[in-house]
1. Does segment 1-42 hold any residues that are more than 16 Å from Glu100 (Cβ to Cβ), open to solvent by 40 Å² or more (accessible area, probe 1.4 Å) and hydroxyl-bearing (Ser, Thr, Tyr), and which are they?
2. For segment 163-181, which residues satisfy the criterion of being in a helix (DSSP H, G or I) and touching a His at 6+ places or on another chain (Cβ under 8 Å)?
3. Looking at segment 172-187 only, could you name the residues that are closer than 24 Å to Met38 by Cα and touching a residue at least 12 places away in the same chain (Cβ under 8 Å)?
4. Could you look through segment 189-215, keep only residues that are among the hydrophobic types (A, V, I, L, M, F, W, C) and assigned to a helix (DSSP H, G or I), and pick out the one that is modelled with the highest pLDDT?
5. Any idea which residue in segment 168-188 is farthest from Phe74 (Cα to Cα), counting only those that are small (Gly, Ala, Ser) and modelled with pLDDT of 95 or more?
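The values are calculated or read from the model by the stated rules, or taken from the named source; none is laboratory data. Note that the structure is predicted; figures quoted are calculated from it, not measured. For neighbour counting, all protein chains shown are included, and Cβ atoms are generated from backbone atoms with ideal geometry for every residue, glycine included. For the accessible areas, the whole protein counts, side chains as well, though only heavy atoms, and no ligand, DNA or RNA atoms are used. Shrake-Rupley method; radii C 1.70, N 1.55, O 1.52, S 1.80 Å.
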Amino acid sequence: MVRKRELLAEDSTPDGTPVTLTREAGAFVVAVAGQSLMASDVHGSEEHMSELACAPLRDRKGVRVLVGGLGMGFTLRAALDHLGADARVVVCELLPCLVEWNRGPLGPLAGHPLDDPRTELVIADLVDHVRAVRRAYDVMLLDVDNGPEPFTQPSNERLYSIDGLRTLREALRPRGTLVVWSGFRSDAFEKRLRRAGFEEEVVPVKARIRKGGQHFLYVGRAP
């Protein structure tokens, strides 16, 4: 059965690749070059990612978290829900259209997390942002692609190389936590995490909150 597809908005990545927002069978879908990147009826692993890294810090003062990739707001919302009142969550998003759509039709999905006073929005390439800071974050939650292989933006490859991972480690505070969301398992990426100086763990989670396929959380803890 073919799902009815309603085009709601369209834009492009910095390199000119088309990005679309559609509604299909009641779900919102963001696609890049015609390939689905995210859908509003497939989430849950994003919430697990935020809970894993942020819940232990709920009572800590002055926590600072980086969310790499706004998506549909689920990761940001879950991070905010697991942190205290004085926490600061910086969300770094490359595509202005995703910010616009999250302030519009996508906003209610995650309860308008961009409106939370603890949220700071940075519209920039994530690599450029982390290179400009040092020992800035207790937690970094990265969901900028379909996993540790570039899909939407070739420059994301810089994040997943050993040098990129070392840059991420330098942006973390001592004993800080990096979590990378992935739709697939990558033994090579696990090895790169270890070579970059992280204590590494892979956590399999459900794609949806209670059901669905499997996604993976790559957890790296800084020394």
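1. Ser36
2. Our first condition is that a residue be in a helix (DSSP H, G or I); within segment 163-181, this holds for 163-171.
Across segment 163-181, there are no qualifying residues.
3. Taking segment 172-187 as the starting set, the residues that turn out to be closer than 24 Å to Met38 by Cα are 178-187.
The answer is Leu178, Val179, Val180, Trp181, Ser182, Gly183, Phe184, Arg185, Ser186.
4. Ranking the qualifying residues of segment 189-215, first place goes to Leu193.
5. Taking segment 168-188 and keeping what is small (Gly, Ala, Ser), we get 171, 176, 182-183, 186, 188.
Checking which are modelled with pLDDT of 95 or more leaves us with 171, 176.
On the way: Ala171: 23, Gly176: 22 Å.
The qualifying residue farthest from Phe74 (Cα to Cα) is Ala171.
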